[in-house]
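Structure first, then comments.
The values are calculated or read from the model by the stated rules, or taken from the named source; none is laboratory data. Since the model is a prediction, treat every value here as computed from it, not as a measurement. Cβ atoms come from the backbone with ideal geometry, glycine included; neighbour counts cover every protein chain shown. These accessible areas exclude ligands, DNA and RNA; they are computed on the full protein's heavy atoms, side chains included. Shrake-Rupley method; radii C 1.70, N 1.55, O 1.52, S 1.80 Å.
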Amino acid sequence: MDRRVADIRRSAFEFVQDIERLSTTGEIMDAMGAPLKKHGFEYHCVSFLATATESLEDVLLSNRLPEEWLKLYIEREYVRDDPAFRYAKTVVRPFRWFKESPYDPEREPRAAEVVQRARDFGILDGFLIPVASTAGRMGQIWFGGRTLDLPEHQLSALHLMAIYAFDRILKLHGSPARHKASLTPREREILTLVANGKSTWEIGEALHISSRTVKEHIKHLCRRLGAVTRTQAVMIAVRDKIIQP
């Protein structure tokens, strides 16, 4: 593994361990923001994905957003037209805010208005990370700013940090803890390799099994852990001390 990638992943796991000791949502939000400032992230927020009858106030868990932008967003009910919120309901992978969330400015003037007004407040770019939460509903963590400089190889670490922070914030909001799952020794071995950045092919080569078998193991352990993605499975396993990458 590239040394830079290894260092980034190590920092992400250290973040996971450190955040467990924090006791307030504000401390967690500050802990997330600190290492991201050097990449241009000025703002971030944590929320559930709103249903058709919910406002942003109903689903917002915590935020570090410009106060006037948040006020306007709530007053104008932008959550109903935000293309990023809509797109987050259809994917499980992180995506570039607005740049990768499709909308038609001609046919969806309100969506175009959300994008333009965000820019008025200096929010020109960002990432949105969908999270399948332990509360039984989808959530999201958004990071943004004027100009972002986040190398592609760092996105997986940001993903891991975000879903763990979401889980921790959810606990502080009173979400009941779920029963800890157990994995077989082979599943723990495979998930540890996933946590260390190994691809499906590399895991198969290391364990002398086929890529198809690796995928089946990952599918099964994700189901046991209640995870949607392998990254979320890593977060849950590290959190519950099932693996130690």
Taking the condition on the phi > 0 side of the Ramachandran plot and either touching a His at 6+ places or on another chain (Cβ under 8 Å) or surrounded by fewer than 19 Cβ atoms within 10 Å (Cβ to Cβ) (or both), does GLY144 pass? no
Would you call TRP201 exposed (fewer than 15 other Cβ atoms within 10 Å of the Cβ), of a type outside the set (Lys, Arg) and either in contact with a Cys (Cβ under 6 Å, 6 or more places away or on another chain) or part of a helix (DSSP H, G or I) (or both)? yes
Can you go through GLY139, GLY126 and tell me which one is under 16 Å from PHE41 (Cα atoms) and in contact (Cβ under 8 Å) with a residue 24 or more places away in the chain? GLY126
Show the residue pairs meeting these rules: Cβ distance below 6 Å; 6+ apart or different chains; first residue within the stretch 217-228 and under 17 Å from SER199 (Cα atoms); second residue in a helix (DSSP H, G or I) and open to solvent by 20 Å² or more (accessible area, probe 1.4 Å). ILE218/ARG230
Has the stretch 179-191 got any residue that is open to solvent by less than 20 Å² (accessible area, probe 1.4 Å) and either outside any helix (DSSP H, G or I) or of a type in the set (Asp, Glu) (or both)? yes
Which of the residues spanning the stretch 204-213 are over 19 Å from THR231 (Cα atoms) and either open to solvent by 50 Å² or more (accessible area, probe 1.4 Å) or touching a residue at least 24 places away in the same chain (Cβ under 8 Å) (or both)? GLU205, ALA206, HIS208, SER210
Test ALA195 against the stated conditions and say whether it is touching a Pro at 6+ places or on another chain (Cβ under 8 Å), under 25 Å from GLU20 (Cα atoms) and of a type in the set (A, V, I, L, M). yes
For the stretch 90-111, name all the residues that are open to solvent by 20 Å² or more (accessible area, probe 1.4 Å), at pLDDT 85 or above and either touching a Ser or Thr at 6+ places or on another chain (Cβ under 8 Å) or assigned to a loop (DSSP other than H, G, I, E, B) (or both). PRO94, LYS99, GLU100, PRO102, TYR103, ASP104, PRO105, GLU106, ARG107, GLU108
Search the stretch 72-98 for residues that are free of Cβ contacts under 8 Å to residues at least 60 places away in the same chain and β-branched (Val, Ile, Thr) and pair each with any residue that is outside any loop (DSSP other than H, G, I, E, B) and open to solvent by 60 Å² or more (accessible area, probe 1.4 Å) when their beta-carbon atoms are under 7 Å apart and the residues are at least 6 apart or on different chains. ILE74/GLU57
Residues located in the stretch 46-71, provided they are in contact (Cβ under 8 Å) with a residue 40 or more places away in the chain and of a type in the set (Ser, Thr, Tyr): SER47, SER62
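Mind listing whichever residues of the stretch 187-245 are polar (S, T, N, Q) and under 21 Å from the mean Cα position of the chain (by Cα)?
THR192, ASN196, SER199, THR229, THR231, GLN232, GLN244
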Positions within the stretch 33-86 being within 20 Å of LEU158 (Cα to Cα), surrounded by fewer than 14 Cβ atoms within 10 Å (Cβ to Cβ) and charged (D, E, K, R), in sequence order: LYS37, LYS38
Going through the stretch 13-32 in order, the residues found to be surrounded by 15 or more Cβ atoms within 10 Å (Cβ to Cβ) and in a helix (DSSP H, G or I) are PHE13, PHE15, VAL16, ILE19, THR25, ILE28, MET29, ALA31, MET32
